[in-house]
1. Amide H to amide H under 5 Å from B:D78: which residues, 5+ apart in sequence or cross-chain, H placed 1.01 Å off N in plane?
2. Tell me, what HN-Hα J-couplings in whole Hz come from the Karplus equation 6.51 cos²θ - 1.76 cosθ + 1.60 at θ = phi - 60° for each residue of the range B:163-177, using x for Gly and Pro?
3. Debye sum, Cα scatterers, the protein assembly as shown, no solvent: what log₁₀ I/I(0) at q = 0.05, 0.06, 0.09 1/Å?
4. Which whole DSSP H helices in chain C pass both tests: a Cα extent of 27 Å or more along the axis and a mean Kyte-Doolittle value no lower than 1.6?
5. In the P(r) worked out for chain C, what percent of Cα pairs fall beyond 32 Å?
6. Out of C:N33, B:P334, B:G252, whose Cα points farthest toward the positive end of the dipole of the protein assembly as shown (charges: +1 Lys, Arg; -1 Asp, Glu; placed on Cβ)?
7. Provide a whole-number value for the mean count of partner chain Cβ atoms within 10 Å of the Cβ atoms in peptide B:87-97.
8. Provide the convex hull volume over Cα atoms per residue for the range A:14-253, in Å³.
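Only the coordinates and a few stated rules stand behind these numbers; no lab work does. Since the structure is predicted, the reported quantities are computational estimates derived from the model, not experimental observations. In this analysis, Cβ positions are derived from the backbone assuming ideal geometry, glycine residues included, and neighbour counts consider all displayed protein chains.
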Amino acid sequence: MTQARTTPFGSPPADSVIAVPVLSIEDLVAGYSSGPVVRIDATHVAGGEVLALLGRSGSGKTTALKVIAGVPLTSSGQVRIDGAAQSPAARVRLVARTIQSFPLLHWLPVSGNLEKAARIRGVKLNDPDQILRLFQASHLVDRAPHTLSGGERCRASLSQAIVGSPRILLLDEPFAGLDSWVKREVADSLFEFARQSNAAVLFVTHDLHDAVEYSNRSAILGGQSPSTIVAEVDSADAGAIDRIRGLLAKEHAS
Amino acid sequence: MVSMTRILFSVTLIAILLACLPFGCEKKEAKPAPAPSAAKSLDSLKPVEILIDWQAEPTYLGVYYAKSLGLYKDLGLDVTVVQGRGANQAAAAVAAGTYKIATASGGATVLGRNDGKELVSLGVIYPHVSTVVYGLAKSGIKEPKDLVGKKIGIYPGSITKNEFDAFVKFTNIAVKPDDIVSLSGADIPLLKAGKLDAVLHYSEMSPVLVSLDNEVSPVDGKRVFELHVADYGVSCYGLNVITSRATYQAEGELVKKIAAAIFEGYRRGCADPERAVAAFKVDFPQMDAEYIRQSWTKVCKTVDGNYGMQTKEGWQATIDMYKSLGLLKADVKPEEVMP
Amino acid sequence: MNRTSRVARQILRYSVSLAVLVTIWVAVSRLGNLPQFLLPQPSSVLQTLLTERTIFMHATAYTLQNAALGAAIGISLGLIVGVCSTLWRPFRWIGEPYLIIGQSFPRESLLPLMVVWMGFGLAPKVVSAALLCFFPMAILTASGLQDTRKDYVELVRSWGATPLQELIHCRFPAAIPTLVSALGKVCFPLALIGAVLGEMTGGGNHGLGYIIVTSGAVSRVDRIFGAIVVLGLIGTIMLAAVTAIQTVLSRFNQE
């Protein structure tokens, strides 16, 4: 059953098309010593937009996140943030990236984890509760990491990630293992964050339902060595899921 | 939660600081019991260390008795007697200048000189070594030839090993390498347990202990047999006092006076053994008084009135013995080890 | 289970082990018909310890002091080398083989040479203690700091941490349980052993090692065992203390 899907906050504001996109990628090729893994010719993400990066395992999704985040990889091409080209070292300051296992330093409570992130990023943490509230994690502030459930870890990690007010938030498989109620709440928080801070949010997933449900737009990665974006599908489109399913099927066949 | 890292850092720091504090108590090198004649204040005395080449035993009683008599204090010295771990090592330490003066043996002096160590003997205490091949009397060993086929224990790093080699050569007994057992710990339990038939030791040490041991049954009134290697042609100098050529040149008067005090300690101790034994017992209360007495008697017998005398002939005999064992690669002359 | 009953249980546990040990000891020395000079009765050992308690106390203080100083030196240097090995590749590349070699040969065999230069005072004992515990500390520190969970390191790097920040804020705190274990179960015991060995082979006039070696010469086995009992007690107390610290730490450290 297909029907028009809109995100709770509607489509990204129309004037975002005229405004400079927060994230702008041109001719980006990234890989390791073994060779290039992913190639992105041209993609833009506007402020307030949530983009899903969809593809099967090994399609270079995590590599794409890493290179945008400024991890030192073999890469060429340009990544612009708010219109200005940024070197990988500069991108580390402007971009936040979460890790699949949602690690939290286990010898510190959640508040300590936030403080540590702020300390290393070199920013002042004025109101930790404001950050935690965004992800419905205020009640977790003094909890020890080993006492948190999967969903709670996710929220705590997300709070930790946005401590430095990043321009871009990258999430590696954030919805894996969460139940749908929690997923909905987390997704809403991500949209809220993107809107409030005029930031771009990208998340990687292999689940096409999650991609369409929780993003404004999905970019499908396909092909091999390097993989590329074969298509971008607007989540609000009716038939988005079917279209994506078809594209993924073609990928599996090849 | 306070930062755990911070807590651990500070605890570690405090622990390190605390560990460094007792460093100041190094001066506890003094014996637990005070020497009987310690009346004068020690502030004006010059501190000096005399190294004895083994643990404190009645063998070195003369060194300690000189301190009890105040002979070092009369020289303006505050002497600490340091216990070493072997004559060769003591010779090395003296040659390196770590100690100004030490006891060693004639063999260690000659071997050390052969090795290039510039050693000078300030005088000899034992004109002959007190080394014996000893064991329980009930083993029936009475002569060197009785040792053939028996298990003999030797301390590998000790100078007694060389003396045993000479002993075997001079007595011409057919001792096989298999019969020699290398020892590193206590010899008496092994003898008593029957694991050894004989051990190379010093007449005034283990043999005295065994002869006082009630657990050992005597044979004809004796608990031990002793074969003195000196009786069988092993004619080398034993316990002596050494210094290095460098120290002798720089502080010759000082070390000569200390050596003289040591020899005087032996002389007076052998002249008045009861008092000497009593003084030693005060310094080392856990040692058995009868053991000290009998051991000291044997020491004085070995010293045989030789309080510091040394001759070129005596050194030549020592050198010849070690040469005959093939242990000298250079030709050492008596003048090289005498002042 | 509250704290008091937990402590009581530990005390009970150690007492039971001790009782079993003493029973076996008495049984072996009586029934096994072992001569007194090989295995003295526990009662005679205890009596010796009581009669000569001043001597033993002085000796214990001397040995402990040297062990503590040697431990402080060996452990601090080990920590420094372990940290340097973590921060600088070339240091690790060149230095690691030396650490392995140093750990693999019996360092106490250097003692007879050391005393020639350092004399028979407390220097060779402190150096002996330090040498014995430096190598394991350096190796365990290096591996503890380098074996940090990959996702923790990735997390901290995603915040833009420099290698030094990574070390201070991530690797080191994560390695604390390993380091405490290394300290208490490896380094402190080795430092104690080093100090005792230093007294046994390194000459000198004091310490528990001195008691052991001089008592051997005069066949006072009860004194030897007395010294061994004291050393065993020190080791036990050390281990109990470390275990207690580890228990406290684990409250802050559950993964």
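1. When sequence neighbours closer than 5 places are left aside, the close amide H contacts are B:K46, B:V48.
2. Coupling constants for the range B:163-177: 5, 5, 4, 5, 4, 4, 5, 6, 8, 6, 8, 8, 8, 8, x Hz.
3. Result of the Debye calculation: -0.48, -0.61, -0.90.
4. Span-like helices here: C:221-252.
5. Every Cα pair in chain C considered, those over 32 Å come to 37 percent.
6. The residue sitting farthest along the positive end of the dipole is C:N33.
7. Averaged over the peptide's residues, the number is 3.
8. 125
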